[in-house]
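Notes to accompany the following structure.
The values are calculated or read from the model by the stated rules, or taken from the named source; none is laboratory data. It should be emphasised that the depicted structure is a prediction, and the values quoted were computed from it without experimental measurement. Positions of Cβ are backbone-derived with ideal geometry, glycine not excepted, and every protein chain shown enters the neighbour counts.
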Ligand code: CFM
Ligand code: HCA
């Protein structure tokens, strides 16, 4: 990588802001942070705020966060998108979440894309009848345990009452839970609002429905793990080997019954805090199930997380077994690190992903001796950046239809007024409980760049100035970055790879990144317009 000779991170920030009009520059300045985290003094970043119109954001919509992210990986609920066909189609399997329905009698509706396919006349005259017919058709064909309805933008605009339709059909069937999500794409500022809507509804409609005891010892819920590229399979392999029983994953490779039984666990282990903290908090408040933060991305983080779970249970047998498993798994991991390290050490990365991978994957890169120069989230909140204390049992109105208000209220309860350590101590003495977990900012090196809601323009600027050895983001960024001559790795879909979680996943990742950052192909590459200048158009302004 080219060395930054004359540029400081502050210069880079200034350069990124230089072209913006003053108002835009001011707002973006509060979302671009030169990391000066020292000790406990975590600097403040502005997050979970609306993208300025005109900016080409990397973000997605609320429907994507609700239907695609949270409910998408559950195999035996019929998920019907009430909307134009594109919303259902483009959120169908593109996330590469995997499922295993090999058990006898296991249902799997994931290969189907269910949608009401709204047309002009539905928009004009209302789509409730069409929705009702779709629910009936799904019920007659599949007799599922549950049918979920997802609102897209036009549903909110024309005012179809999807909840009334769901209630009516649930009462009519009697043996099928039907519920609806007001997750219109435009609600809130990003996918994040969709997670919140999904979590609230799953908690109120499904969690606690099955009171039967689950077999096994050391029962946990694994919250915020979506089995992308088979990550959840690898984590389950390790948990099983340790003798830890995962009774419910939210929501990778999950079933309706897993959600319904989640209140039977002893502990919730939270992998992606951003997408699921709501369920963790509600399980703690309503059922007294405590939660801890874990991270299975990175071999060392995996070992640390297993130890953390064992420590919670405090059982000597479990602790010994966890140590045995770590000792069994690590040699294969270390052998690959020894192999790749001479080639990867000192290389640099940039990570811009949705809500937790931009943080978690830094551990994997660190294991390869690679430094993360810049990172940020599309839609995370300040708690994910700062790893600050969270008040469990937030009181927000779960039935409110104004999710933007809910999100803001929840953040306000957490942060406003901003509390010093002394103030926190006082509140704690007064009986309030707080949790601390890792945050992206304190975990990153001094003088790195932390950027919230990075956009197309800034991404290109960053790459132009810093030229990292690898840039990690999503499909929208993939080709524009590659055209700049920089290897690009998708950390959402994993391109066509994975799993990357756990011990075996780490090995996969080391090999792939080694190949990617050491490939000569990028130095041979010239864009077509560089080779054939006649291809470039000439604009004449009158
Ligand atoms: Fe959590 Fe996720 Fe992520 Fe996320 Fe997502 Fe995803 Fe992501 Mo894409 S739940 S926040 S809403 S870890 S879909 S599996 S990769 S943006 S960083
Ligand atoms: C989503 C899903 C997504 C998109 C990924 C990408 C995913 O936010 O709607 O932009 O490549 O992981 O599939 O985050």
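When 246, 200 are checked against the criterion of being touching a helix residue (DSSP H, G or I) at 6+ places or on another chain (Cβ under 8 Å), buried (at least 17 other Cβ atoms within 10 Å of the Cβ) and over 20 Å from residue 267 (Cβ atoms), a single residue qualifies: 200.
Just one of 179, 218 is in contact (Cβ under 8 Å) with a residue 24 or more places away in the chain, within 23 Å of residue 281 (Cβ to Cβ), touching a helix residue (DSSP H, G or I) at 6+ places or on another chain (Cβ under 9 Å) and buried (at least 21 other Cβ atoms within 10 Å of the Cβ); which is it? It would help to see each step written out before you state the result.
Numbers: 179 fails: buried (at least 21 other Cβ atoms within 10 Å of the Cβ).
218 is the lone residue from the list that is in contact (Cβ under 8 Å) with a residue 24 or more places away in the chain, within 23 Å of residue 281 (Cβ to Cβ), touching a helix residue (DSSP H, G or I) at 6+ places or on another chain (Cβ under 9 Å) and buried (at least 21 other Cβ atoms within 10 Å of the Cβ).
The single condition from (1) modelled with pLDDT under 95; (2) at negative phi; (3) within 16 Å of ligand 2 (Cβ to nearest atom) that residue 225 fails is (1).
Answer yes or no as to whether residue 311 is without any contact (Cβ under 8 Å) to a residue 24 or more places away in the chain and either more than 16 Å from ligand 2 (Cβ to nearest atom) or under 17 Å from the mean Cα position of the chain (by Cα) (or both). Yes: the conditions hold for residue 311. The selection criterion, being under 20 Å from residue 18 (Cα atoms), within 15 Å of ligand 1 (Cβ to nearest atom) and in contact with a helix residue (DSSP H, G or I) (Cβ under 8 Å, 6 or more places away or on another chain), holds for residue 451. Tallying residues that are within 16 Å of ligand 1 (Cβ to nearest atom), part of a loop (DSSP other than H, G, I, E, B) and touching a helix residue (DSSP H, G or I) at 6+ places or on another chain (Cβ under 6 Å) within segment 74-94 yields 1.
Can you tell me which residue in segment 351-369 is surrounded by the fewest Cβ atoms within 10 Å (Cβ to Cβ), limited to those that are in a loop (DSSP other than H, G, I, E, B) and more than 6 Å from ligand 1 (Cβ to nearest atom)? Break it down stepwise before answering.
In the first step, residues of segment 351-369 are kept if they are in a loop (DSSP other than H, G, I, E, B); the result is 354-356, 368-369.
Checking the rest, the ones that are also more than 6 Å from ligand 1 (Cβ to nearest atom) come to 368-369.
On the way: 368: 22, 369: 15.
Here the answer is 369.
Consider residue 285 carefully, then state whether it is more than 21 Å from residue 311 (Cβ to Cβ) and buried (at least 20 other Cβ atoms within 10 Å of the Cβ). Please lay out each step first, then the result.
Values: more than 21 Å from residue 311 (Cβ to Cβ): yes; buried (at least 20 other Cβ atoms within 10 Å of the Cβ): no.
Spelling it out, it is not the case that residue 285 is more than 21 Å from residue 311 (Cβ to Cβ) and buried (at least 20 other Cβ atoms within 10 Å of the Cβ).
Summed over segment 454-467, the residues that are surrounded by fewer than 17 Cβ atoms within 10 Å (Cβ to Cβ) and modelled with pLDDT of 95 or more give a count of 2.
Within segment 326-346, can one find any residue that is over 24 Å from residue 273 (Cβ atoms) and in contact with a strand residue (DSSP E or B) (Cβ under 8 Å, 6 or more places away or on another chain)? Even if it seems obvious, please write down each step before you answer.
Taking segment 326-346 as the starting set, the residues that turn out to be over 24 Å from residue 273 (Cβ atoms) are 327-346.
If we keep only those that are in contact with a strand residue (DSSP E or B) (Cβ under 8 Å, 6 or more places away or on another chain) too, we end up with 346.
Yes, segment 326-346 has at least one match.
Contact annotation: residue pairs with Cβ atoms under 6 Å, 6 or more positions apart or on different chains, pairing a residue in segment 362-373 that is on the phi > 0 side of the Ramachandran plot and without any contact (Cβ under 8 Å) to a residue 60 or more places away in the chain with a partner that is surrounded by fewer than 22 Cβ atoms within 10 Å (Cβ to Cβ) and assigned to a loop (DSSP other than H, G, I, E, B), are 369/345. Among the residues of segment 134-176, write down those that are closer than 30 Å to residue 190 by Cα and out of contact with any strand residue (DSSP E or B) (no Cβ under 8 Å at 6 or more places or on another chain). Across segment 134-176, the qualifying residues are 153, 154, 156, 157, 158, 159, 161, 164. Checked against the criterion of being over 20 Å from residue 71 (Cα atoms) and either within 16 Å of ligand 1 (Cβ to nearest atom) or in a strand (DSSP E or B) (or both), the candidates 217, 234 yield just one match: 234. In segment 107-140, which residues are away from ligand 1 (no atom under 16 Å from the Cβ) and under 20 Å from residue 228 (Cα atoms)? Correct list: 107, 108, 109, 111, 112, 113.
Residues in segment 468-483 that are more than 12 Å from ligand 2 (Cβ to nearest atom) and surrounded by fewer than 18 Cβ atoms within 10 Å (Cβ to Cβ): 480, 482, 483. Residue 81 meets all of the listed conditions (1) without any contact (Cβ under 8 Å) to a residue 24 or more places away in the chain; (2) away from ligand 2 (no atom under 11 Å from the Cβ); (3) farther than 23 Å from residue 352 by Cβ but one, namely (1). All conditions in (1) away from ligand 2 (no atom under 16 Å from the Cβ); (2) buried (at least 16 other Cβ atoms within 10 Å of the Cβ); (3) assigned to a loop (DSSP other than H, G, I, E, B) hold for residue 497, with the sole exception of (1).
May I ask you to list the residues in segment 288-308 that are modelled with pLDDT of 95 or more, more than 16 Å from ligand 2 (Cβ to nearest atom) and crowded, with 21+ Cβ neighbours inside 10 Å? Result: 294, 295, 296, 298, 299, 301, 302, 303, 305, 306. Selection of segment 453-467 for residues being closer than 12 Å to residue 32 by Cβ and within 16 Å of ligand 2 (Cβ to nearest atom) yields 453, 454, 455. Among the residues of segment 114-129, those identified as in a loop (DSSP other than H, G, I, E, B), out of contact with any strand residue (DSSP E or B) (no Cβ under 8 Å at 6 or more places or on another chain) and surrounded by 14 or more Cβ atoms within 10 Å (Cβ to Cβ) are 117, 126.
Look at (1) touching a helix residue (DSSP H, G or I) at 6+ places or on another chain (Cβ under 9 Å); (2) over 30 Å from residue 47 (Cβ atoms); (3) buried (at least 19 other Cβ atoms within 10 Å of the Cβ); (4) in contact (Cβ under 8 Å) with a residue 40 or more places away in the chain and you find that residue 256 fails only one, number (1). Return yes or no: is residue 60 assigned to a loop (DSSP other than H, G, I, E, B) and within 16 Å of ligand 1 (Cβ to nearest atom)? Criteria met by residue 60. Being away from ligand 2 (no atom under 16 Å from the Cβ) and surrounded by 15 or more Cβ atoms within 10 Å (Cβ to Cβ) is a condition met by at least one residue of segment 94-104.
As a summary of the residue check, residue 160 satisfies the conditions (1) closer than 21 Å to residue 260 by Cα; (2) away from ligand 1 (no atom under 16 Å from the Cβ) except for the one numbered (1).
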